[in-house]
Amino acid sequence: MVSAPGGLMSQTGNMDFETVIGLEVHLQLKTQTKIFCGCRNVFGSEANANVCPVCLGLPGSLPVLNRQVLLDGIKVGLALNCDINRFVKFDRKNYYYPDLPKGYQISQYDFPIAKKGWLEFPCEGRSKRVGITRAHLEEDAGKLIHDDRLNCTLVDYNRTGTPLVEIVSEPDMHSPQEAYDYLTALKLTLSYLNVSDCDMEKGSLRCDANVSIRPVGQTKLGTKAELKNMNSFSAVKRAVEHEVERQTRLVLSGGQVVQETLLWDDAQSITVPMRSKEDAHDYRYFPEPDLVPFTLTAAEVESVQIGLPELPSAKLGRIRQSYGINEYDATILIQDRSLADFFEDCARLYSDYKNICNWINVAVLKEIRSRKVGLADLPLKPETLAALIQRVDDGTISNLVGKDILSGLVDSGKSVDTVIAEQGLAQISDDAALEKVLDEVIAANPKTVAEVKAGKTAAMGFFVGQAMKKMQGKANPKKLNEMLTRRFQNG
Amino acid sequence: MSIPALSAHELMALMNAGKASKEEIAAAYFERARGLNSKTHAFLRLEAAPEFPAATSVTLPLPIAMKDNICVKNRLTTCASKILDGFRPPYDACVVEKIKASGGVIIGSANMDEFAFGSSTETSSYGITRNPWDLERVPGGSSGGSATAVAAGQAVWALGSDTGGSIRQPAAFCGIVGMKPTYGRVSRYGLIAFGSSLDQIGPLTQDVTDCAMLLNIIAGYDRRDSTSVDKPVPDYTQALVRDVKGLRIGIPKEYFIDGMQPAVEKSVREAIEVLKKQGAVVKELSLPHTEYAVATYYIVATAEASSNLARFDGVQYGLRVVPDKTRKSPLVDMYEATREQGFGDEAKRRIMLGTYVLSSGYYDAYYLRAQKVRTLIKRDFEQAFGEVDVILSPTAPTTAFKVGEKLADPLAMYLSDIFTIPANLAGIPALSLPCGFDDNHLPVGLQLMARPFDEETLLRVAFSYEQATAWYLRRAVL
């Protein structure tokens, strides 16, 4: 629920509006080949490099369904708790645009591969459930490139035929933040399935928002506006915020919301009308005669279900329970499926789970970020990290040295013990050696000794530092402290 | 006998006996094709010289006419439409690959009704084709160029496509054999679509034996066409036996209508007697939903066509017309001008019809209802084939009509396909072969229909009838 924006509120008394948001997410699947032909499905190739008569829609060409697309679609549907339509049918959505070479898009109309699901996620300190109306399979269109120099528009058909899953939510979100959190949770869940890059910048995940408002208490939905052209989740949030405010002002000033499609201009933070309801397409959906409908067996759907990975919410619960990791840290771990897997691999080798979690969430993540790679590209084995933590815990090296050598371990691929030996990094814990050094530094600094004896115990740190310096940082600081305390207590 | 008067199997016999070479045969056909084309206009384009592809399977190195809606790599393929002006497909249709693999020599692109929209070949954007039996008459359509080429001896045989009778009706009008195979028997890959759920490529030949031979080459599963069926292909020439003893032939009473040309009915009734004499058991039956077939067809076929033809928008290939003045937007203006100038009247009529029946608010009343009736028509056949093995009827209600006679009356033209449309709606195989002549010496066609994938029975009955009569031996004199 949102109140009318400040200022206006006072003029109209206590009229409160509820925001209603439904989101449509287009997800590009990263299958090897396109949805209806054998062309490579890759991003970033030279224009029109990955095309053939089928995806160019040349006369006489015919589509053939890529089975992997179907399986991935089922995967997405199951992950979103949907019912799967075992009756597989495609339809034609007819409209004209130069990026659509056939004059129709092959999509699914009355039998989406998945329907009636939900996604649950943490939102503003509570758990929020958003219904999934449907998820259906379709082909992506090409890309128009406007060339100002040549004063013309060029078409790149590489993207044509890229498999898409369109995920349509129920109008269950009631604030821009809820929309943002839904998208974040959806992306996280989808990323676990390993079916898409889920990268908004590359366009592999795109989102349109349907926004309306209604007086609090009213059950009938208000007239919606459709927002397009948001390039990030935060842009979605900003666009929805802007639209809610626009609609609220409009209604409060006696106007009426009209059904239309608006384009979000993020730079200027404004929406620009794209088309009104009157201009809306009649898509003339009808069954795609070139693809024969068929029915999947229950076993086929079952096998996808069995192959489904543990999803983020389940993983979060299990990591908290099995390893005693707190919610905050566990949430960081599960942001990346491979990071959580890495944690569990380490946990099988060494049982100080909290320590492992800390190392991963701080030191390992730092490596990943500074190198700008994914965990998969970081040549760090669970065995290496587990051994490193063990060497810190058993006092062989200091925590500081441990953190220092992590980066080198990643680069060299050497074992922890080899690096410790090669660089002589093992801590010196030998009592005689430590006492000898302490003798030296105490003897050399009578002034400080006097200070300590006068009660300024903090000055003992000076001796630790001096001893460390003499031993090139390898002295066991814990032991030094203990020894110094003993010495000065004894007088 | 001169080479262009011989059938494919006769030419193969000559070749195998060493009495003619493939080069001689091709040269003779190329010469005749060129010589006669100003009279018949069977071909829109003729190849300059025979090109013999390296055969990889059976060798039938004979000149073949290709309907202009079947893609031939690097050759103009226009569906007889201006909108595809200059379009050269970068690939061969599946059937073209198969023809080439068998050594076949493409002699040229056969004329047709624009996008196969018509029953007379008069809607071609590049001029009409004339019936070899009477040059004042149409050859039928839409595969009129293919039928004429075969009937006039301008090609040994031809491929056509049949969406509502477009192979069988011109075969009947031109006195040759034409078969629409079962939907899914021949790959549609590379056939420029009209009504995707109805289209099927098939042979047009001089006799039933040639029909079996050509079907042998083109039939079979193709993974590039999801509607093609993965079912073994028999050797269809094995079905060429004179034996119809005990075979049950059904005569649907709905196919003998008022207003049918008397000579057509007479010839078909006589054909029934011929088959009876050979031992076939003939019984009358009913296909009760026949009267709805034409209406159903013109909803389903135009709906699919309106969508299939959407790609001809001037963006990627073919005609592009850019108007001088901007009216709506440069893009919309280009779309409109291109399609306005690129499509002929019949194409526009069907695009509008199809767009209308799919429109929001009309879909249920038209398209959905038509699909339901289609199911009923299919069921009529399933029931009938529980009682009989073959259904026999006239191919068309009349023989070839005069050029211009029906062009101004689309409904009269549509009724020309009244007997052929049901087989497309039901997806079953059907064949037309000559069964007599009318008073004007114009050929009459006999249609046989069979169960899905039972082309063999069609061929057996057709062969038995053909061998018992001599209609197929008559040739048009040009």
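The values are calculated or read from the model by the stated rules, or taken from the named source; none is laboratory data. Source: prediction; values computed, not measured. As a convention, Cβ positions derive from the backbone with ideal geometry for all residues, glycine included, and neighbour counts pool all protein chains shown. Side chains included, ligands, DNA and RNA excluded: accessible areas come from the protein's heavy atoms. Shrake-Rupley method; radii C 1.70, N 1.55, O 1.52, S 1.80 Å.
Of the residues B:197, B:187, which is within 13 Å of chain A (Cβ to nearest Cβ), in contact (Cβ under 8 Å) with a residue 40 or more places away in the chain and open to solvent by less than 10 Å² (accessible area, probe 1.4 Å)? Explain how you work it out, then say what you get.
Working: B:197 fails: open to solvent by less than 10 Å² (accessible area, probe 1.4 Å).
One residue alone meets the criteria, B:187.
Reported count of residues in segment B:81-99, each being farther than 17 Å from residue B:341 by Cα and either within 14 Å of chain A (Cβ to nearest Cβ) or touching a strand residue (DSSP E or B) at 6+ places or on another chain (Cβ under 8 Å) (or both), is 11. Would you confirm whether any residue within segment A:78-97 is in contact with a strand residue (DSSP E or B) (Cβ under 8 Å, 6 or more places away or on another chain), part of a helix (DSSP H, G or I) and closer than 30 Å to residue A:334 by Cβ? Yes: segment A:78-97 contains one or more residues that are in contact with a strand residue (DSSP E or B) (Cβ under 8 Å, 6 or more places away or on another chain), part of a helix (DSSP H, G or I) and closer than 30 Å to residue A:334 by Cβ.
Tally up the residues in segment A:255-286 that are acidic (Asp, Glu) and either at pLDDT 95 or above or more than 21 Å from residue A:94 (Cα to Cα) (or both), please. Lay out the reasoning, then the answer.
From segment A:255-286, those acidic (Asp, Glu) are A:260, A:265-266, A:278-279, A:282; that's our starting set.
Restricting the remaining residues to those that are either at pLDDT 95 or above or more than 21 Å from residue A:94 (Cα to Cα) (or both) gives A:265-266.
Result for segment A:255-286: 2.
List, please: which pairs have Cβ atoms under 6 Å, are six or more places apart or on different chains, and start with a residue in segment A:410-433 that is assigned to a helix (DSSP H, G or I) and end with one that is surrounded by 12 or more Cβ atoms within 10 Å (Cβ to Cβ) and small (Gly, Ala, Ser)? Taking only residues 6 or more apart or on different chains, the pairs are A:416/A:387; A:420/A:426.
Only a single criterion out of (1) open to solvent by 10 Å² or more (accessible area, probe 1.4 Å); (2) charged (D, E, K, R); (3) touching a residue at least 60 places away in the same chain (Cβ under 8 Å); (4) within 14 Å of another protein chain (Cβ to nearest Cβ) is not satisfied by residue B:45, namely (4). Taken together, the residues in segment B:204-229 that are more than 14 Å from every other protein chain (Cβ to nearest Cβ) and assigned to a loop (DSSP other than H, G, I, E, B) amount to 3. The residue that is farthest from residue B:14 (Cα to Cα), among those in segment B:49-80 that are within 10 Å of chain A (Cβ to nearest Cβ) and of a type in the set (S, T, N, Q), is B:78.
Tally the residues that are open to solvent by 10 Å² or more (accessible area, probe 1.4 Å) and closer than 21 Å to residue A:369 by Cα, restricting the search to segment A:406-416. Full working, then the answer.
Going residue by residue through segment A:406-416, those that are open to solvent by 10 Å² or more (accessible area, probe 1.4 Å) are A:407-408, A:411-415.
From what's left, closer than 21 Å to residue A:369 by Cα: A:407-408, A:411-413.
Going through segment A:406-416 one residue at a time, the tally reaches 5.
Restricting attention to segment A:127-144, the residues that are more than 15 Å from residue A:184 (Cα to Cα) and open to solvent by 20 Å² or more (accessible area, probe 1.4 Å) add up to 4.
Which of the following residues is among the hydrophobic types (A, V, I, L, M, F, W, C) and within 14 Å of chain A (Cβ to nearest Cβ): B:152, B:172, B:116, B:158?
Working: B:152 fails: within 14 Å of chain A (Cβ to nearest Cβ); B:172 fails: within 14 Å of chain A (Cβ to nearest Cβ); B:158 fails: within 14 Å of chain A (Cβ to nearest Cβ).
Just a single option satisfies the conditions, and that option is B:116.
Within segment B:350-387, the residues that satisfy the criterion of being surrounded by fewer than 19 Cβ atoms within 10 Å (Cβ to Cβ), within 10 Å of chain A (Cβ to nearest Cβ) and assigned to a helix (DSSP H, G or I) are B:356, B:368, B:371. Looking only at residues in segment B:301-332 that are more than 20 Å from residue B:86 (Cβ to Cβ), open to solvent by 60 Å² or more (accessible area, probe 1.4 Å) and part of a loop (DSSP other than H, G, I, E, B), the one that is nearest to the other protein chains (Cβ to nearest Cβ) is B:328.
Taken over segment B:230-286, the residue count meeting the criterion of being under 19 Å from residue B:395 (Cα atoms), among the basic types (Lys, Arg) and not in a strand (DSSP E or B) is 3.
Of a type outside the set (Gly, Ala, Ser) and under 14 Å from residue A:179 (Cβ atoms), is that true of residue A:243? Write out each step before concluding.
On the way: of a type outside the set (Gly, Ala, Ser): yes; under 14 Å from residue A:179 (Cβ atoms): yes.
When the stated conditions are applied, residue A:243 passes them.
Would you check if there is a residue in segment B:75-97 being open to solvent by 10 Å² or more (accessible area, probe 1.4 Å), of a type in the set (A, V, I, L, M) and over 24 Å from residue B:152 (Cα atoms)? No, the conditions are met nowhere in segment B:75-97. State which residue is nearest to the other protein chains (Cβ to nearest Cβ) when the search covers only segment A:57-102 and only residues that are among the small types (Gly, Ala, Ser) and touching a residue at least 40 places away in the same chain (Cβ under 8 Å). So the residue we want is A:57. As for segment B:7-14, it holds no residue that is without any contact (Cβ under 8 Å) to a residue 60 or more places away in the chain and among the polar types (S, T, N, Q). For residue B:297, the conditions (1) more than 23 Å from residue A:95 (Cβ to Cβ); (2) in contact with a Lys or Arg (Cβ under 6 Å, 6 or more places away or on another chain); (3) part of a helix (DSSP H, G or I) are fulfilled apart from (2).
Residues in segment B:287-322 that are of a type in the set (Gly, Ala, Ser) and out of contact with any helix residue (DSSP H, G or I) (no Cβ under 6 Å at 6 or more places or on another chain): 4 in all.
Condition check ((1) under 28 Å from residue A:222 (Cβ atoms); (2) aliphatic (A, V, I, L, M)) across all residues:
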residue	(1), (2)
A:90	no, no
A:97	no, no
A:119	yes, yes
A:123	yes, no
A:130	yes, yes
A:150	no, yes
A:160	no, no
A:173	yes, yes
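In summary, strands (runs of 3 or more DSSP E) completely within segment B:388-478 and bearing 2 or more residues that are within 16 Å of the chain's Cα centre (by Cα) and touching a residue at least 40 places away in the same chain (Cβ under 8 Å) occur at B:430-437, B:443-450.
Answer with yes or no whether residue A:187 is at pLDDT 95 or above, closer than 24 Å to residue A:338 by Cβ and in the same structural domain as residue A:76 (by TED's automatic domain parsing). Taking the combined requirement at face value, the residue satisfies it. Here residue B:449 does not qualify as open to solvent by 10 Å² or more (accessible area, probe 1.4 Å) and either of a type outside the set (Lys, Arg) or closer than 28 Å to residue B:247 by Cα (or both). Selection of segment A:417-445 for residues being open to solvent by less than 40 Å² (accessible area, probe 1.4 Å), within 24 Å of residue A:459 (Cα to Cα) and among the aliphatic types (A, V, I, L, M) yields A:433, A:434, A:437, A:438, A:441, A:442.
Residues are listed down the side, and each one gets a yes or a no for (1) within 14 Å of another protein chain (Cβ to nearest Cβ); (2) over 30 Å from residue B:71 (Cα atoms); (3) of a type in the set (D, E, K, R):
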residue	(1), (2), (3)
B:262	no, yes, no
B:277	no, yes, yes
B:284	no, yes, yes
B:296	no, no, no
B:335	yes, no, no
B:342	yes, no, no
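Return the residues of segment A:1-44 that are in contact with an Asp or Glu (Cβ under 9 Å, 6 or more places away or on another chain), modelled with pLDDT of 95 or more, in a loop (DSSP other than H, G, I, E, B) and open to solvent by less than 50 Å² (accessible area, probe 1.4 Å); say none if nothing qualifies. Correct list: A:29, A:31, A:34, A:35, A:36.
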